[in-house]
1. Name the strands (runs of 3 or more DSSP E) wholly within segment 55-148 that hold at least 1 residues that are more than 18 Å from Phe42 (Cα to Cα) and out of contact with any strand residue (DSSP E or B) (no Cβ under 7 Å at 6 or more places or on another chain)?
2. When the residues of segment 118-141 are filtered to those that are touching a residue at least 12 places away in the same chain (Cβ under 8 Å) and over 14 Å from Ala63 (Cβ atoms), which remaining residue is surrounded by the fewest Cβ atoms within 10 Å (Cβ to Cβ)?
3. Return the only residue of Gly45, Gly107 being within 25 Å of Phe133 (Cβ to Cβ), crowded, with 17+ Cβ neighbours inside 10 Å and either over 16 Å from the mean Cα position of the chain (by Cα) or of a type in the set (S, T, N, Q) (or both).
4. Out of all the residues in segment 99-121, which are closer than 20 Å to Asp49 by Cα and touching a Lys or Arg at 6+ places or on another chain (Cβ under 9 Å)?
5. So, of the residues in segment 26-54 that are among the aromatic types (Phe, Trp, Tyr) and in a loop (DSSP other than H, G, I, E, B), which turns out to be modelled with the highest pLDDT?
Amino acid sequence: MNRRGFLVALSRGSLATAVIVAFGQVVRFLSYRPADGPATVFAVGRPEDYAPGSLVYVSEAQAYVGCNAQGLYALDAVCTHLGCLVERGAKGGFVCPCHESRFDAAGQVLAGPAGQPLRALRLWFDGEQGLLFVDRSETVAPAARLAV
């Protein structure tokens, strides 16, 4: 094999390898299946952990679980403006530390830039386990309460 034949074979082999690798990457891209997303259901304790008038932040669920005369409820702690975690305000309600959005105790917007209220999250009691659960993927009416 002369030098020209060697270079032609080397070029064709390189081109064939590049085509095979590219085809493999296209197949890999088209067959991609994302991993399961983060968990949305969290155990937040027992009903007796929440005294009447209490409002407790549950960090795993990124939610506030409260108890009032109507029952137990859960509010999303993620600000509806840009997703920062709201904190309890000095005068009640909630304050977003990122851009100073303010919400009342029920999660309604008092001052922007947030334009939407905090989400009321689904809260339920599992009698078999004796635990309360919050589902971050399901919202409920703001007035919804769980009587336990």
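The values are calculated or read from the model by the stated rules, or taken from the named source; none is laboratory data. Since we're looking at a predicted model, the values are computed, not measured. Backbone-built Cβ (ideal geometry, glycine too); neighbour counts: all protein chains shown.
1. Numbers: elements: 55-58, 63-68, 71-76, 109-111, 120-126, 131-139.
Correct list: 63-68.
2. Our first condition is that a residue be touching a residue at least 12 places away in the same chain (Cβ under 8 Å); within segment 118-141, this holds for 118-125, 129-141.
From what is left, the residues that are over 14 Å from Ala63 (Cβ atoms) are 125, 129-131, 141.
On the way: Phe125: 15, Gln129: 10, Gly130: 11, Leu131: 16, Ala141: 7.
My answer is Ala141.
3. Numbers: Gly45 fails: crowded, with 17+ Cβ neighbours inside 10 Å.
When all the criteria are applied, what remains is Gly107.
4. Matches in segment 99-121: Leu121 only.
5. Step one: list which residues in segment 26-54 are among the aromatic types (Phe, Trp, Tyr), which gives 29, 32, 42, 50.
After this cut, where a residue has to be in a loop (DSSP other than H, G, I, E, B) as well, the list is 32, 50.
Working: Tyr32: 67, Tyr50: 89.
The extreme case among them is Tyr50.
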